[in-house]
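**Q** Can you read through this structure? Questions will come right after.
Quick note: the coordinates plus some simple rules give every number you see, no bench work behind them. Small disclaimer: the values here were computed from a predicted structure and weren't measured. So basically every Cβ, Gly included, is an ideal-geometry build from the backbone, and we count neighbours across all protein chains shown.
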Amino acid sequence: MSFNICEIFPSIQGEGVNTGLPTVFVRFFGCNLSCSWCDTEYSKTGSQQSSMDLRGLLEKVSTHYLPNVCLTGGEPLLQEGVIELVEELILEGFNVDMETNGSLPVIELVNKCPAVRISMDVKTPSSGMSDSFLDENLDHLRFDDTLKFIIASDEDLSFALEFVQKHDPGCNIILTPCTNKGGDGLVEGLLKAIRSCEGKDENRHGSPFSRARVMVQTHRVIWGDRKGV
């Protein structure tokens with residue numbers, strides 16, 4: 001069993017509900033989507049890749065002496081044996097997050113590795129990949145998991161809000177401005193959506209929109225568009 005690795009590095013988690021936590025990142029090489037605003041093109045088109053077996057990967061992660069591991073990409077679920085990797089990491093005491101693009105099924109991962117935390121993208125129209133989401137994945141996301149939307153336009157925001165209203169996911173919801181810009185309009189749009197639900201009996205304890213977070217990518221605020229951070 002071997003994995004196509006783009007890079008492994010220690011940093012802080014730059015996005016999502018674990019933002020700021022010291023974390024070891026394992027970035028796999030290869031992706032099945034081609035988003036227009038992808039910020040890690042090098043993880044699927046560059047020459048920066050190596051092969052590593054399961055034991056070697058576990059040993060490499062352990063050298064950083066951090067309890068949190070984030071599997072990212074590329075797309076981790078394309079890697080044969082990635083579920084076995086997650087199982088081994090959890091057995092060795094690591095807290096494991098997996099970032100996935102939402103186009104591949106997560107049911108086996110969730111069933112075999114209930115302790116894994118999933119951060120799943122829902123690709124918005126500006127990505128060019130908005131028809132890639134696998135709706136059945138919503139049935140397997142749990143309270144501590146996350147749905148993430150990258151917002152680059154008013155159309156993206158409308159798409160995200162309609163998705164949230166339709167599905168009312170029982171997990172974390174994060175809206176992130178593309179390139180970390182335009183967050184003010186995103187906030188205004190979210191608050192407007194919340195106000196539109198006022199007075200409706202089914203929303204007396206808060207609409208699905210009120211559970212959404214607007215968050216920037218902290219690592220890009222600190223370091224800009226650098227690799228290995």
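**Q** State, as an integer percentage, the relative contact order of the chain based on alpha-carbon contacts under 8 Å between residues 6 or more apart.
**A** Relative contact order, the chain: 19 percent.
**Q** A further question on this structure: Round to the nearest 0.05 the FRET efficiency obtained for SER51 and PHE9 when R0 = 22 Å and r is the Cβ-Cβ distance. Intermediate values should be presented prior to the final figure.
**A** On the way: r = 18 Å, r/R0 = 0.81.
For R0 = 22 Å, the calculated efficiency reads 0.80.
**Q** When the gyration tensor of the chain is built from Cα positions, what are the square roots of 5 times its three eigenvalues, in whole Å, from largest to smallest?
**A** After diagonalising the Cα gyration tensor, the semi-axes are 30, 19, 16 Å.
**Q** Using the Karplus equation 6.51 cos²θ - 1.76 cosθ + 1.60 (θ = phi - 60°), what ³J(HN,Hα) coupling, rounded to whole Hz, does each residue of region 84-94 give in order, writing x for Gly and Pro?
**A** Those phi angles translate into 5, 4, 4, 4, 5, 4, 5, 4, 8, x, 7 Hz.
**Q** Can you give the charge dipole size of the chain about its Cα centre, rounded to the nearest 20 debye, using +1 on the beta carbon of Lys and Arg and -1 on the beta carbon of Asp and Glu? Could you put the intermediate results ahead of the total?
**A** Working: 20 positive and 33 negative charges, 123 e Å.
Value, rounded to 20: 600 debye.
**Q** Could you list the residues of region 52-68 with an amide nitrogen less than 12 Å from a label point located 7 Å from the Cα of ALA115 in the Cα-to-C-beta direction?
**A** From region 52-68, the list is 68.
**Q** If one takes the longest principal axis of the Cα atoms in the chain, at what angle in degrees, from 0 to 90 and to the nearest 10, does the Cα axis of helix 154-167 lie?
**A** Roughly 90 degrees, rounded to the nearest 10.
**Q** In a shell of Cβ-Cβ distance under 12 Å around ARG226, excluding ARG226 itself, what net charge do Lys and Arg (+1) and Asp and Glu (-1) give?
**A** -1
**Q** Compute the distance in nm between two label points, each set 7 Å from the Cα along the Cα-to-Cβ direction, one at ASP154 and one at ASP225.
**A** Simple spin-label model gives 2.6 nm for this pair.
**Q** May I ask what percent, to the nearest 5, of DSSP beta bridges between residues of region 2-223 are antiparallel?
**A** 30
**Q** Would you mind getting me the FRET efficiency between ARG195 and VAL216? Use the beta-carbon distance for r and R0 = 35 Å, nearest 0.05.
**A** 0.90
**Q** Additional query: Rounding to the nearest 20 debye, state how big the charge dipole of region 1-134 is about its Cα centre with +1 on each Lys and Arg Cβ and -1 on each Asp and Glu Cβ. Kindly include the intermediate steps, with their values, before the conclusion.
**A** Working: 7 positive and 17 negative charges, 23 e Å.
Computed about the Cα centre, the dipole is about 100 debye.
**Q** Here is a further query. For ARG142, project a label point 7 Å along Cα to C-beta. Then give me every residue of region 59-96 with its amide nitrogen under 13 Å of that point.
**A** Counting only backbone N, you get 96.
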